[in-house]
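Values in this text are rule-based calculations from the coordinates and carry no lab data. No experiment lies behind these values; they were computed from the predicted model shown. Cβ: placed from backbone, ideal geometry, glycine included. Neighbour counts: every protein chain shown.
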Protein chains: 2
Amino acid sequence: MSKAEKIYKEYLKRTGGRDTQQKRTIITELSKLRSHFDIEDFINEIRKKDSKGSRATVYRVMKGLLKEGFIQKITTNDGKVYYEHNFTNKHHDHIICNSCGKIFEIESDRIENYINEYCETIGFKPEYRSLHIYGTCSDCL
Amino acid sequence: MSKAEKIYKEYLKRTGGRDTQQKRTIITELSKLRSHFDIEDFINEIRKKDSKGSRATVYRVMKGLLKEGFIQKITTNDGKVYYEHNFTNKHHDHIICNSCGKIFEIESDRIENYINEYCETIGFKPEYRSLHIYGTCSDCL
DNA sequence: ATACATGCAAATGGTTTGCAATACG
DNA sequence: CGTATTGCAAACCATTTGCATGTAT
């Protein structure tokens, strides 16, 4: 069973919905993306596979994925919106340059460990996180 | 000079704008808020001080404050939007329960230090951050 | 005086929703 | 078959913008 298929199964289990071709296509295509993506581009991609893929369905699936922590939403300073999945379990954080808009991705076990420790002390069960660091990158300085 | 006045001066310096009563009122009222707030409530608050305070002006000032890192924007899982200032320099992060929606605030020097260290290694100058941890709180577990 | 700021209302853009048609279990 | 899901278009809501008016410098 492919990675995408596994995620899809897990998604169905957690959301308790029916097994449909649309959902499967969305999650399969999603799993092919490596980095943050624009949702409009993604919808166009979906439409190549399923000519009548609807925006509404994509958003409906996205909502479930967000809720279950499979994907996250990033809003940059200037209001642009991106989505990103973390199907690989390797969660990564973002460093965003306010000057040129470039986005750097980092993985940090130290932050991860710290968060887990901290949450344990207050009895909170962390599922996913979103960390964005804004500032100025070396090129712009 | 009050804290709010200091922020206001700093804001003017950084954005290079003119000194107006509206901006002053917005920043003064903002500095009175302790925690995350709903912008519509905030606009109503402003209107008590300045009967014709406009949504547009509030958003315009917010935009500058966001850009300069004086405030941050939080979007919860279910799409609700909050704002929050960090006029106190004591930046704090958020832990958000996906089940009941409660928001816990934490301060973490360890995360702060780590971020500063990390950014130094890549030549990035961090200005502010947004860290949101989603999961389930002890009450909901 | 003149350029920037404000207020209003209309426009925008991302996301959600009502409803009729369709497909899963 | 009965109910959840889809697709479409219209609705929604937070935010932005054009323009005429007001105000700081």
message: Which residue, A:Ser31, A:Gln21, A:Leu141, has the largest displacement toward the positive end of the dipole of chain A when charges sit on each Cβ (Lys, Arg +1; Asp, Glu -1)?
response: A:Gln21
query: To the nearest µm²/s, what D does Stokes-Einstein give for segment B:1-88 at 25 °C and 0.890 mPa s, using the Kirkwood radius over alpha carbon pairs as Rh?
result: 186
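Which loop-located trypsin sites (Lys or Arg not before Pro) does segment A:22-51 contain, where loop means any DSSP state but H, G, I, E or B and the Cβ has at most 10 other Cβ atoms within 10 Å? Kindly include the intermediate steps, with their values, before the conclusion.
On the way: sites: A:Lys23, A:Arg24, A:Lys32, A:Arg34, A:Arg47, A:Lys48, A:Lys49; in loops: A:Arg34.
Counting only loop positions with at most 10 other Cβ atoms within 10 Å, the trypsin sites (Lys or Arg not before Pro) in segment A:22-51 are A:Arg34.
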message: Report the Cα centroid-to-centroid distance between segment B:1-80 and segment A:46-93 in angstrom, as an integer.
response: 31
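Compute the Kirkwood hydrodynamic radius of segment A:79-141, taking the inverse of the mean of 1/r over all pairs of distinct Cα atoms, and give it in Å to one decimal. If you can, show how the numbers build up before the last one.
Values: mean 1/r = 0.0742 Å⁻¹.
It is 13.5 Å.
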field: Counted charge near B:Thr57, where neighbours are those whose Cβ lies closer than 10 Å (Asp, Glu -1; Lys, Arg +1)
entry: +3
task: Shortest first and in nm with one decimal, please list how far the B:Ser138 label point sits from its counterparts in the other copies (point 7 Å along Cα→Cβ).
output: 4.4
- prompt: When we measure straight from the Cα of A:Lys3, which lysines land under 17 angstrom away, once same-chain ones fewer than 8 places off are left out?
  reply: A:Lys13, A:Lys23, A:Lys32, A:Lys90
message: Quick check: net charge around B:Phe124, other residues with Cβ under 14 Å of its Cβ, Lys/Arg +1 and Asp/Glu -1?
response: -3
- line: Here the correct list, in nm and shortest first, of distances from A:Phe104 to the same site in the other copies, label points 7 Å along Cα→Cβ, is 3.1
- request: Kindly write out, for segment A:93-98 in residue order, the coupling ³J(HN,Hα) from the Karplus curve 6.51 cos²θ - 1.76 cosθ + 1.60 (θ = phi - 60°), rounded to whole Hz, with x marking Gly and Pro.
  value: 9, 10, 10, 10, 8, 6
task: Return the single residue from A:Thr121, A:Thr28, A:Thr57 with maximal mean-square fluctuation; model: Gaussian network over chain A, springs between Cα atoms under 10 Å.
output: A:Thr121
- request: Excluding residues on the same chain fewer than 8 positions from B:Lys6, give the aspartates and glutamates whose Cα lies under 12 Å from its Cα.
  value: none
Helix-only mean residue ellipticity at 222 nm for the protein assembly as shown, each DSSP H run of n ≥ 4 adding -39500 (n - 2.57), per residue, nearest 500: -14000 deg cm²/dmol
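Tally the DSSP beta bridges in segment B:91-141 and give the antiparallel ones as a percent, rounded to 5. If you can, show how the numbers build up before the last one.
On the way: 4 of 8 bridges.
Here the share of antiparallel DSSP bridges comes out near 50 percent.
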Reachable aspartates and glutamates from A:Lys102, criterion Cα separation under 14 angstrom, eight or more residues apart if same chain: A:Asp78, A:Asp93, A:Asp139
